[in-house]
1. In segment 407-454, which residue that is of a type outside the set (D, E, K, R) and not in a helix (DSSP H, G or I) is surrounded by the most Cβ atoms within 10 Å (Cβ to Cβ)?
2. State which residue pairs qualify: first residue within 20 Å of LYS262 (Cβ to Cβ) and inside segment 240-251, second residue of a type in the set (S, T, N, Q) in any location, beta carbons under 6 Å apart, and separation of 6 or more residues or different chains.
3. Within segment 101-137, which residues are in contact with a strand residue (DSSP E or B) (Cβ under 6 Å, 6 or more places away or on another chain) and more than 26 Å from TYR399 (Cα to Cα)?
4. Considering only residues of segment 282-314 that are assigned to a strand (DSSP E or B) and charged (D, E, K, R), which is surrounded by the most Cβ atoms within 10 Å (Cβ to Cβ)?
5. Among GLU12, GLU2, GLU29, which is the only one that is of a type outside the set (S, T, N, Q), modelled with pLDDT of 95 or more, exposed (fewer than 11 other Cβ atoms within 10 Å of the Cβ) and more than 29 Å from GLY456 (Cα to Cα)?
6. LEU488 versus (1) more than 26 Å from the chain's Cα centre (by Cα); (2) buried (at least 23 other Cβ atoms within 10 Å of the Cβ): which is the lone unmet condition?
7. Anything in segment 113-162 that is assigned to a strand (DSSP E or B), under 37 Å from the mean Cα position of the chain (by Cα) and surrounded by fewer than 21 Cβ atoms within 10 Å (Cβ to Cβ)? List them, or say none.
8. Criterion first (outside the structural domain of LEU329 (by TED's automatic domain parsing) and either surrounded by fewer than 19 Cβ atoms within 10 Å (Cβ to Cβ) or at pLDDT 95 or above (or both)) does ASN516 satisfy it?
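The values are calculated or read from the model by the stated rules, or taken from the named source; none is laboratory data. Just so it is clear, the model here is predicted, and its values are computed rather than measured. Here Cβ is always computed from backbone atoms with ideal geometry, including for glycine, and neighbour counts include all displayed protein chains.
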Amino acid sequence: MEIPSSNLQEIECEINREYSVQCRKDNNEVYLPFSFIQKYFEVYGEFENIEGYEKFEFSHSYSEVHHPPDVIRPDGAFMSFEHYNVEIRKRVKCITAVEGVPISTQWEPAGHYYPIQIAQFALSHYSKYLKEGEPDQIPLLNSERDVGMWLKGGNVNIKSVWSKTRRSQVVEFQSSDSLSNAGFYTMMKETSNFAVTFDFKIVSNGSISLTLKNDAVTFHLHYVFSDTLITCDGKNIYYGLGENRRGDWIHFARDADMDLLKGLSLKCSKYRKLGRLTLLGITIRGHGWLDNVTVSSAAHMDHFFNAANWFVTHQDSRGGWPIMVTRKLISGVMELQPGWYSAMAQGHGISTLVRAYLKSKNTVYLRTAINALKIFEISSAQGGVKARFANSYNWYEEYPTTPSSFVLNGFIFSLFGLYDLKEIATGEPLEKVTQLYEEGIKSLKAMLLMYDSGFGTFYDLRHVSAGLAPNRARWDYHTVHISQLLQLSKMEDEPLFTRTVKRWQDYMKGVRSPHN
């Protein structure tokens, strides 16, 4: 095979007669710089070197499709949420030590409870638990004989006592409340298990401290009776347990590595790198009682039930979880004032509560899930989440603006929640949730193809409902649409979903719909 000679020359390439870029000419071939191609065509590429062989990887999309479980069950994994790691997101300020759920900085830097994020936190840990199974555990204090593994500083008294509340033996401890006091403590060198769980009650102004070391620095995580979410002072990071929780039995479930990571992201510390961690010890101070101290590889179900309990505690009289921040999809056109509801939050909340009920058999979770249906029947104009398209189709709004936005992924997630509840409800609640679900499926079948751009998908229908420029879905949202349709194809015998998802998958490879 004859290799043509190369004669590279600098050449100016004029782009649409508007501007130019420097290119290369090789005989009759013209090469444009990839930095231009990447931005102009919204494509992606990077060099890879494998065993000395260098190549350039080119792709039309940057996101990956995660396939849903083979069998869709209300007690099963939620979509592919085992791949989610909600707490590591930059817009999560921390996992609050009061209720054990994420605090979001999305749209509000000070932080707020965002039900969608809390539910995704729950569903990701639940799905990880099903995928991984029971975690590795190291018991540190489960009976009186384990007390010998612990140490105590000066003026610390310890004894085993019977707890009427817990109906078991627990350890009573008494020491100074001061953080400078050695307290009641245990030492370790744990490099892989960072989930710390136990039950405790403190009646003084005591505290819990976890000590960790990275490659160079020793840090202390202090959990104190304060309403401050999180703060730091150099190597000391403080989480508030709540000012009014003294004297209550508290279930402590913390991922120490994640708590340290969130502390290091604060501007009050000069330290930023997590590095390779070692958990060195646990310290208890004050006057209180302690039971079931364990260090584990994960605390998935603890986190799941913390979130499920949040949905029970924070549901309002309308059956919803109001979002207390301003949301501006488009300033002056599509805005929501604090106190708005989201169909996606309602659906995610229901999916969480259904799984909590099936796992625990506690009917409070089921009652809360059923109560969440009320918001679906209230129109957006009246503060609910139900919109109407063309005066013909009901749509459950992730963002119930006026005019309506018709966000696709949030609507489908709301249907997943309705489906989960439909699978376990009986009597009148079954009739209600079935009606809501079937109306939603009818709307989706009628409206789905309006989200097809011919080379991707639209995030919403603002170009139809408000006469604005189309809002294309970026690739990670496009792959969510695909994953959702893959799941819907298993829930519903509907060829439209199967055909559409195949075309949308092809778009990720650069395929475009035919033109005339």
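1. Step one: filter segment 407-454 for residues of a type outside the set (D, E, K, R), giving 407-419, 421, 424-427, 429-430, 433-437, 440-441, 443-444, 446-451, 453-454.
Restricting the remaining residues to those that are not in a helix (DSSP H, G or I) gives 407, 424-426, 453-454.
Details: VAL407: 28, ILE424: 16, ALA425: 21, THR426: 7, SER453: 16, GLY454: 11.
Among residues in segment 407-454 that are of a type outside the set (D, E, K, R) and not in a helix (DSSP H, G or I), the one surrounded by the most Cβ atoms within 10 Å (Cβ to Cβ) is VAL407.
2. GLY240/SER226; GLY240/THR228
3. PRO135, GLN137
4. Pass one, segment 282-314, residues assigned to a strand (DSSP E or B): 282-285, 287-296.
Remaining after also requiring charged (D, E, K, R): 285, 291.
Numbers: ARG285: 29, ASP291: 18.
Among those residues, the one meeting the criterion is ARG285.
5. Working: GLU2 fails: modelled with pLDDT of 95 or more; GLU29 fails: modelled with pLDDT of 95 or more.
Being of a type outside the set (S, T, N, Q), modelled with pLDDT of 95 or more, exposed (fewer than 11 other Cβ atoms within 10 Å of the Cβ) and more than 29 Å from GLY456 (Cα to Cα) holds for just one of GLU12, GLU2, GLU29, which is GLU12.
6. Of everything listed in (1) more than 26 Å from the chain's Cα centre (by Cα); (2) buried (at least 23 other Cβ atoms within 10 Å of the Cβ), LEU488 misses just condition (1).
7. Quick first cut of segment 113-162, residues assigned to a strand (DSSP E or B) only: 137-141, 151-152, 157-162.
Checking the rest, the ones that are also under 37 Å from the mean Cα position of the chain (by Cα) come to 137-141.
Once the filter is applied, which keeps residues that are assigned to a strand (DSSP E or B), under 37 Å from the mean Cα position of the chain (by Cα) and surrounded by fewer than 21 Cβ atoms within 10 Å (Cβ to Cβ), segment 113-162 yields GLN137, ILE138, PRO139, LEU140.
8. Considered against the rule, which asks whether it is outside the structural domain of LEU329 (by TED's automatic domain parsing) and either surrounded by fewer than 19 Cβ atoms within 10 Å (Cβ to Cβ) or at pLDDT 95 or above (or both), ASN516 comes out as yes.
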